[in-house]
């Protein structure tokens, strides 16, 4: 196991869960690298600064607010929606640019964008509320970047770009569709969890 994230309702449950994980890892003789461990407690939207958590094997520090944990290049402790959107937008743009500049053929460039760039938006889809214009701007930015690096002709049919390859299209995942399907999947998961 490389990474483990624990989410709980309060500090007491977090401490109990961390202690349980520490006992389990000790029982199976797995390393518990405390220098890579951190915890973060958020109460009513604010990050709470606490003392280090003392375990039998050492102490776990609080997560660093500025250089904290990242997932797909996005800082996990984003304080607000705007910062999260800006980071997601920048990361998507960088990844699309890198994929478009590569020396891959057209099919593989589209596949690279779908595989490496789109998860940035997929990851934030259920967490950050994107309005329709913002999502359409991300699609436009993707097409513009592809156009700049000769991956898409300026007068190419936009609809064909998003059709599956089996249907005569190019197979690019549309950001709008990606966000909608991710939000629907998250809502379905939450509704099933409540049952």
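Taking only pairs six or more apart or across chains, which ones have beta-carbon atoms under 7 Å, a first residue in region 3-30 that is under 20 Å from residue 48 (Cα atoms), and a second residue that is assigned to a loop (DSSP other than H, G, I, E, B)?
Going by the 7 Å Cβ cut-off, the qualifying pairs are 14/6; 14/8; 17/6; 17/8; 18/6.
I'd like the full set of residues that are more than 11 Å from residue 122 (Cβ to Cβ) and surrounded by 10 or more Cβ atoms within 10 Å (Cβ to Cβ), limited to region 181-195.
Hits for region 181-195 are 184, 187, 188, 189, 190.
Tally time: how many residues in region 19-41 are outside any helix (DSSP H, G or I) and more than 16 Å from residue 61 (Cβ to Cβ)?
Qualifying residue count, region 19-41: 4.
Please work out which one of (1) touching a helix residue (DSSP H, G or I) at 6+ places or on another chain (Cβ under 9 Å); (2) surrounded by 13 or more Cβ atoms within 10 Å (Cβ to Cβ); (3) modelled with pLDDT of 70 or more is the condition residue 74 fails and give its number.
(3)
Let's see how each residue does on (1) surrounded by 16 or more Cβ atoms within 10 Å (Cβ to Cβ); (2) in contact with a helix residue (DSSP H, G or I) (Cβ under 7 Å, 6 or more places away or on another chain):
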{"site": "124", "(1), (2)": "yes, yes"}
{"site": "136", "(1), (2)": "no, yes"}
{"site": "150", "(1), (2)": "no, no"}
{"site": "174", "(1), (2)": "yes, yes"}
{"site": "178", "(1), (2)": "yes, yes"}
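Inside region 152-172, can you point out the residues that are at positive phi and exposed (fewer than 12 other Cβ atoms within 10 Å of the Cβ)?
Correct list: 168 only.
Among residues belonging to region 36-49 that are surrounded by 14 or more Cβ atoms within 10 Å (Cβ to Cβ) and more than 20 Å from residue 25 (Cα to Cα), point out the one that is modelled with the lowest pLDDT.
The selected residue is 47.
The values are calculated or read from the model by the stated rules, or taken from the named source; none is laboratory data. Since we're looking at a predicted model, the values are computed, not measured. Backbone-built Cβ (ideal geometry, glycine too); neighbour counts: all protein chains shown.
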